[in-house]
Structure formats: structure tokens, C-alpha cells
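Beneath this line is the structure, given in C-alpha cells, with notes to follow.
The values are calculated or read from the model by the stated rules, or taken from the named source; none is laboratory data. Fair warning: this is a prediction, and the values are worked out from it, not measured in the lab. Because the Cβ atoms are built from the backbone with ideal geometry, glycine has one as well, and the counts that use them run over all protein chains shown.
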Amino acid sequence: MLGGCVQDFVILLFSVRRDGKSLTEMAKSEIGRLGGFVAYVAVISIIVILLGATALIVVNALKSSPWGAFTIAMTMPIAVLMGLYLRRIRPGKVLETSLVGFVLVLAAIFGGQWVSQTPSWAAVFTLTAPTLAALIILYGFAASALPVWLLLAPRDYLSTFVKLGTISLLAVGIVALRPSLHMPPLTRFADGTGPVFAGKVFPFAFITIACGAVSGFHSLISSGTTPKLIRRETETRMVGYGGMMAESLVAIMAMIAASVLQPGVYFAVNSPAGIVGQAPDAAASTISAWGFPVTAAQMSSLAHAVGEQTLFNRTGGAPAFAVGMASIFSNTLGGQAVMALWYHFAIMFEALFILTILDAGTRVGRFMLQDALGHLWKPIGRISWYPSILFTSGMIVAMWGYFLWQGVKDPLGGINSLWPLFGICNQLLATVALCVATTIIVKMGRVRYVLVTMIPLVWLVAVTFTASYHKVLDPNPRIGFLSHARQLAGAGANARLIFNDHLDATVTGVLVVMVAMILIESGLEWARVISGSKTAEGKEVPFVKTQLALEEQG
């Protein structure tokens, strides 16, 4: 958590001092051309995998859920209406727009209940995983290609209020109710044989936890995007460091919400059908045999209480989190009678949270592709040229869409293979960011502060490189990509699944090599500057007092 706070703060600060340069631009100017090129390739690759894995969470949360699918679908036209209202109908009326959006979101939640209870409409919004994946891919393209004021900005603005409201309510519920935690501190799966993620606590716990821990994706937003919203440099501490602390609070509350569930229920929700079985009775029997009692009737009753058809095999964490949140909310506000409303409010919160990552990440990836391809043909580099916007949006969406589709078709639920790959890539990106930050600190002549970024950097290298080794070469088929591919080949499995394992292993290996090159290049740069063989040249832009500051003084 503290490593994440440091990363977000220093990257934001250094980007602000360089007129909002992106992470890859800072890598090129501070580490060197090779470091910049390798950082660019690594970052775009990591963005692709990150977006594919996070999109899979939304798919698993909304599949076979007409209530949830309807509610999330309605946030799109609501966002467009808010954008038009604020820009065309009532320009500048932010409070009015917020109230309109809030009322419509509540209507969407209650409307989803009606949809789920009306057979004809429930059939329309009861979507399979492949259908949801295709719709999310289309949404990603629209969010990247449409004007930012029409969809992305109002939807993200709307999701911010939903997120802040949900976090506040959950905090109040936890403090007021002080719920009992049923999950033991350690389970029998601490040995690495768990059904959700295989692998021992080190290093896999540290690449599995995403929200609330150091995240390379944050460095992409902290550089290039957030600096353009900062009024003065002193705000960077609260926005960067404080924002990450707030996210860590959310992560702690998420763990509490998941631990409120009985262990048998938790594993029934999160275990893939390929591990526990497709039929409810078979899954309940397998989980009970592990020492965590649960029955098919118990899961059916819980699903009915939250307005779902089933809660078995809902991998990805979002449904388990939502059930826990709904349990806390229903025991403080409204009782069991409104548990379904709280569950779908929580699902909406999580889906909006992830879709924010999806649309922002897709747009960042599009900008990076335009910048790179602009060196080959200048018109593509023009961010305002619409054919370029459509072409590069299609490219980035197709790339992360492939990994999403791979996860949807995976018989083990996709999360088992994609989430560790996502965790590795996310923290490899953080490694790149901390390399850049450490290089800047050294060049500033502040070597005495270098441990601030060096300590989390060393930890990330140890975690990600160890995890990468195991994910590629571990002989256990539940852990290693290559050993799993050999197992599938021996069983005569689908050639596509075997190809996916080989692709995942190749991507992991290539990314580790590229990040290792950045580490070596950074280390050499530090040595040259500290030894005095190279003069450190600051790349900060000169300080200029903003017009805003002059107006405030006047």
C-alpha cells in the first residue's frame, strides 16, 4: 500500500514538473532512447492485458443476471443524456446534471428489478458471457472514439458519485454493525492448492491483490492525464498519496465484505466449474469435502435473496464482494427484504469502477498508438483526425478484446490464468514507473532520498520476477502455463486453449525481459550520474506562475 502511495505521488509530481509528460516520455528523456522504446512496448502490452483481465470481471459479474445487465446498460444512455444536458441544454449547470443523473441511476436499479421479474424482458437481458464480452468490446470502442464530453466524461463523473456514496455507506455499515468475520485467517489452501488461485502465498498473494496495492496502471493516469487537472504543485500530495490511501481503505473494506461470508459460500461463488463441477449439487459436495460446508439449497436461497438465478461459479471477486456488501447493508439499512437492491447497487458500483478503468485505459492506449504510428505516417499522429481515432481505437480494443475472449472461453473461468498474468503485468508496469522515478531523484542530486522509491522497487522486482518464473516454468499444471499446455495436449484438448497457454507464457517472458532491460539501463544511468562520469541534466520545465494564481492574488 505505501509503495503504491509513493509511486502515485512521485510520478504525478514529476509529470507536473514536466508539463504533464506521460510515463513513456519521461522514460525516454530520463533513462535514454532504449529505455524509452522498451518502456513504450512494455506499457502498451501491459495495458492490453490489464484491460482484458478487468473486463472479464464485469462479464462474470453480469452473466445470466438480467437485473445487473439492465442497470449497467442504462448507465450508458444516462451518461450521454448528462453530457448533452451539461453541454447543450443547460451549460454549466453541474448541480442540476448531478441530480438528474442520481435520480436516473436509482430508477435504473429499481427498473432492473422489474426487468428481472418480467419474463419477456428478463429473457432479453439474460446474457451469456460471450455476448457480454462482445458488448463490452463495443463499449470500449465507443468510449475511445466518441467525443470525451458525450460519453466518457459524464459516465466517469456519474461513477465517481456512485463510488463515493457506496464507500461512505460501506464504511458506516462496517463501523455501526461490526460484522463477524467467518473466513479464518489462513485456510488449508495456504499451501498453494486453492481453487480460486493456485500458488503459494509468496509471490502469488502479492500479484493477486490489485485494488489497494501498488498498481502500475495508476502511473499511467498519474502521468499525462491527472497533471492536466492539477491547479498547483502542492495539490499533488493529496491527490497522489492521499488518493492511493483512500483506495487502500476500499481494499480493506472489500476484504471485510468478502470475509463476512461463510467460507463455503465464498468458495461456491468464486470457484470455477472446471474445479468444483458444473452442477450445483456436485459443486456443493466438492466444497464441503474441503471442510467448508455448503449446500445447493443454501446457495439457491441466497441467489433468490439477491435477485439472481445462481451464484455458483461467479469467478472474479465482484459477486462475492457484492454479496458481502449486501449482507452488511441489509443488516443496517432496510433488513433482508431489500438485500437484492443492495446487492445490485453493489454490482453497479463495481462494474462502474471497472468500466472507468476500461474506458480511460483504452483512451490512453489509443493516444500511445497514435503517437507511435504518427512517426510512420504523420496524419495518424493527429489526435483530432477522426479516421485516425477510429483506426487506433479499433486496434487497441481488438488487442485487449482478444484476451477478454480468451478468458471467456477458458473452461477454468479465465480468472485462473488471466488474473495472475494481469497482476504480474500491472506490477511490472509499476517497476518501470519506479525506475523512472528513481532515475529522476538521482539526477536531481537527491541521492539521500533514493530509498523512498528504491525499497518498493526492489520488492516489486522480487515479487514479479519470481511469479513470472513460476507462471511460465512451474511443473504444476495449475500454475505453469507451459505445463498446463502439455497437460492439455496429452488429453487431446482444443488447440486454441493450448495456443493461449503458449501465448501467455510468451507474453510473460517477453515482458520480463523488457523490464529487465529497463532495470539494467536505469542502473547504468544511476551509476554514471553518481560516479560523476555523466553530468545530470534536469528535464523540468521552468517555473511559471499560472494565470489562475495571479487572479487569486488579485
Restricting segment 367-384 to residues that are assigned to a loop (DSSP other than H, G, I, E, B) and over 27 Å from the mean Cα position of the chain (by Cα), the one nearest to Ala145 (Cα to Cα) turns out to be Ser384
Would you say Ala55 is buried (at least 24 other Cβ atoms within 10 Å of the Cβ), in a helix (DSSP H, G or I) and in contact with a Leu (Cβ under 7 Å, 6 or more places away or on another chain)?
yes
So Ser533 ticks every box in (1) modelled with pLDDT under 85; (2) surrounded by fewer than 10 Cβ atoms within 10 Å (Cβ to Cβ) but one. Which box is left unticked?
(1)
What's the number of the condition Thr453 fails, among (1) assigned to a loop (DSSP other than H, G, I, E, B); (2) more than 18 Å from Ile424 (Cα to Cα)?
(1)
Would you call Lys93 without any contact (Cβ under 8 Å) to a residue 40 or more places away in the chain and either basic (Lys, Arg) or touching a Cys at 6+ places or on another chain (Cβ under 7 Å) (or both)?
yes
Answer residue from segment 350-395, given it is surrounded by 21 or more Cβ atoms within 10 Å (Cβ to Cβ) and acidic (Asp, Glu) and is nearest to Arg155 (Cα to Cα) among those:
Asp359
Residue among Gly140, Gly165, Gly173 that is at pLDDT below 90, crowded, with 17+ Cβ neighbours inside 10 Å and in a helix (DSSP H, G or I):
Gly173
Specify which of the listed residues (Gly68, Gly20) is buried (at least 24 other Cβ atoms within 10 Å of the Cβ), farther than 23 Å from Gly523 by Cβ, in contact (Cβ under 8 Å) with a residue 12 or more places away in the chain and not aromatic (Phe, Trp, Tyr).
Gly68
Cross-chain or 6+ apart pairs with Cβ under 9 Å, segment 216-232 first and without any contact (Cβ under 8 Å) to a residue 60 or more places away in the chain, then part of a helix (DSSP H, G or I) and among the β-branched types (Val, Ile, Thr):
Leu229/Val239
Subset of segment 313-349 (residues that are over 20 Å from Phe70 (Cβ atoms) and surrounded by fewer than 22 Cβ atoms within 10 Å (Cβ to Cβ)):
Ser330, Asn331, Thr332, Leu333, Gly334, Gly335, Gln336, Ala337
Conditions: (1) within 30 Å of Ala123 (Cα to Cα); (2) modelled with pLDDT of 90 or more. Met238 meets all but one. Number of the miss?
(1)
Considering Phe102, Phe110, which residue is farther than 30 Å from Asp410 by Cα, more than 25 Å from the chain's Cα centre (by Cα) and of a type in the set (Phe, Trp, Tyr)?
Phe110
